[in-house]
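Participant: Let me begin by handing over the structure; questions about it come next.
The values are calculated or read from the model by the stated rules, or taken from the named source; none is laboratory data. Because the structure is a prediction, the values reported are computed rather than measured. Here the Cβ positions follow ideal geometry from the backbone for every residue, glycine too, while neighbour counts run over all protein chains shown.
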């Protein structure tokens, strides 16, 4: 669990490396954009994959009961949620799950609510299916981002709004929605017959006093009106194994999703992903606690560094994830100028704020799940470029 060690990812076809030329026009940037970590997966996961790979048969596989029991046990242990085995269904990824949910529970021309600034694929899974995005923008306050419930009440009263996709914990703003917020959101959606699809992929990466509360765990009414999307991929850095799952207490909703899964022939999944999930959930908790301590240290470092050297750069300390949402509005640049500055002057490959919605203007998203030395180098380059700019 040496998170300080810099691991060479060349030769692994790592997306965050291989796409630099395409996204930034150069490979000469520190890649701190796509949300995966530069840390080795838990050794228990590595050994589980090696053990399965040692058997020379790689045909179609199913998931055994140990797979589902590991999920049930993890939810109870980490999130105090008593999940029944029959509520759980395998999915090949959270974003594909969102696509299937949009297709299963809405029709072309229907509206789907999202809460920007938000994870860019939320926009795509709605638009690409011929549905209409209904934005319920978050409110950026001095104390962090808040939901605009009054606006949500207004837009969900329309008959053509059918679904809300919730980001919980929120990417990129780092909020962990509390029980009061989730309850109010749920009440509005229930009143207006809006299905909630809750992306909770960052549930295990919480830092503050506010714990992650699965939306569906709050009440039986919310459980019956929600689809919860989860995965070990962000938690244990195994996104390439394409293994996630949904928890759906409502049998009718669950069967509709299962039909979509069958229709696309995605149900076989990845044999190594199944073994990785079991090993991660059954044996990876000690690794996870060490990881969280390290990420929190990186977050504190960035907060302290910017506070001391670039106080005009505004950051709400994230309550979850390893992603930081940096506001560069004080630099008075256009988004194009800011992007060019980050690439050409600071040598950083960060996420471009406007891809998270118009509310992301003048923002960049920073991934701090790397060795502290890498984060220190990135911040030093940013400061040097900033100081050259203000001379």
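Participant: Report yes if residue 369 is assigned to a loop (DSSP other than H, G, I, E, B) and either modelled with pLDDT of 95 or more or over 27 Å from residue 208 (Cα atoms) (or both), otherwise no.
Facilitator: yes
Participant: Can you pull out the residues in segment 179-200 that are free of Cβ contacts under 8 Å to residues at least 40 places away in the same chain, over 16 Å from residue 321 (Cβ atoms) and outside any helix (DSSP H, G or I)?
Facilitator: Scanning segment 179-200 gives 192, 193, 196.
Participant: Just the residues that are surrounded by 15 or more Cβ atoms within 10 Å (Cβ to Cβ) and assigned to a helix (DSSP H, G or I), please, taken from segment 126-148.
Facilitator: Within segment 126-148, just 126 meets the criteria.
Participant: Could you list all residues from segment 2-21 that are exposed (fewer than 15 other Cβ atoms within 10 Å of the Cβ) and in contact (Cβ under 8 Å) with a residue 40 or more places away in the chain?
Facilitator: Across segment 2-21, the qualifying residues are 4, 5, 6.
Participant: Name every residue in segment 101-125 that is within 20 Å of the chain's Cα centre (by Cα) and either closer than 18 Å to residue 264 by Cβ or assigned to a strand (DSSP E or B) (or both), in order of residue number. Even if it seems obvious, please write down each step before you answer.
Facilitator: The initial filter retains those residues of segment 101-125 that are within 20 Å of the chain's Cα centre (by Cα), namely 101-102, 112-125.
Selection gives 101, 102, 112, 113, 114, 121, 124, 125.
Participant: Can I ask one more? Specify which of the listed residues (224, 200) is at pLDDT 95 or above, assigned by TED's automatic domain parsing to the domain that holds residue 63 and within 20 Å of residue 367 (Cα to Cα).
Facilitator: Values: 224 fails: within 20 Å of residue 367 (Cα to Cα).
Within the list 224, 200, the selection yields 200.
Participant: Given the options 132, 49, name the one that is over 16 Å from residue 230 (Cβ atoms), modelled with pLDDT of 95 or more and outside the structural domain of residue 193 (by TED's automatic domain parsing). Let's see the steps before the verdict.
Facilitator: Details: 132 fails: outside the structural domain of residue 193 (by TED's automatic domain parsing).
Only one candidate passes the filter, namely 49.
Participant: Considering only residues that are touching a strand residue (DSSP E or B) at 6+ places or on another chain (Cβ under 9 Å) and part of a loop (DSSP other than H, G, I, E, B), which ones fall in segment 63-83?
Facilitator: 63, 81, 83
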